[in-house]
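The structure appears below as structure tokens.
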Amino acid sequence: MKPTERLNLKEVSDLLNRCWMTHDGMWFYHCLKEFGIARANQLNKAAIKSLAPIEIGRIKKVLGIEKIETFEKFKSFCQDAFDLFIPDFMGARMTFPEKNVLHWEFIPQKCFAFMGMQPLGVIDDYDCGVIYRVACWIDSLGIEYTIDPSIGKCMMHINGFCTGNFRLNLK
């Protein structure tokens, strides 16, 4: 048996996401050094926004999903996608406490982006890319929503916690 055959989905997901987040962090770091925090934030959001429809298309294809028209289908889709894209090291919890609500919450002081921006000395000016990515995923699915609180500077840094809700407009 090859060593890779012993790995389970959680181990593979964790490894691939750690590599992806390291790439993402290094990309952000080099943009920061080259252009400053304001431009790095802009480029980060542009990259996330253009990546989201591609990610969503790939996820839908691999999960065999064509349309997401109801909250139950959205919830099922997200749970599967989150299993693939949000390993434990990210410190995030995504839940569905009631119909048409996607709730996010990060373990206090454990958000991977928060922890990555602090040593760079830019946490005061970092625009949250994590929740922005989830919003872009929902946009890519063509689902209307409101978000509370709005996405802006790092809430973990400002408030000591990061939690909020997407309120969806689905059947």
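The numbers here are math on the coordinates, done by the rules we state, and not lab data. All figures in this text were calculated on a predicted structure; none of them were measured in a lab. Cβ sites come from the backbone with ideal geometry, for glycine too, and all protein chains shown count toward neighbours.
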Any hit, region 58-67, residues being touching a residue at least 60 places away in the same chain (Cβ under 8 Å) and out of contact with any Asp or Glu (no Cβ under 6 Å at 6 or more places or on another chain): no
Positions within region 117-145 being more than 17 Å from the chain's Cα centre (by Cα) and outside any loop (DSSP other than H, G, I, E, B), in sequence order: Q118, P119, L120
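Can you pull out every residue in region 18-71 that is of a type in the set (K, R), more than 16 Å from the chain's Cα centre (by Cα), loosely packed, with under 15 Cβ neighbours inside 10 Å and part of a helix (DSSP H, G or I)?
Those that are of a type in the set (K, R), more than 16 Å from the chain's Cα centre (by Cα), loosely packed, with under 15 Cβ neighbours inside 10 Å and part of a helix (DSSP H, G or I): K33, R39, K61.
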Answer from F114, F82 - the residue that is under 30 Å from M26 (Cα atoms), touching a residue at least 40 places away in the same chain (Cβ under 8 Å), touching a strand residue (DSSP E or B) at 6+ places or on another chain (Cβ under 8 Å) and assigned to a helix (DSSP H, G or I): F114
Any hit, region 89-100, residues being free of Cβ contacts under 8 Å to residues at least 24 places away in the same chain, part of a helix (DSSP H, G or I), over 18 Å from G25 (Cβ atoms) and in contact with a strand residue (DSSP E or B) (Cβ under 8 Å, 6 or more places away or on another chain): no
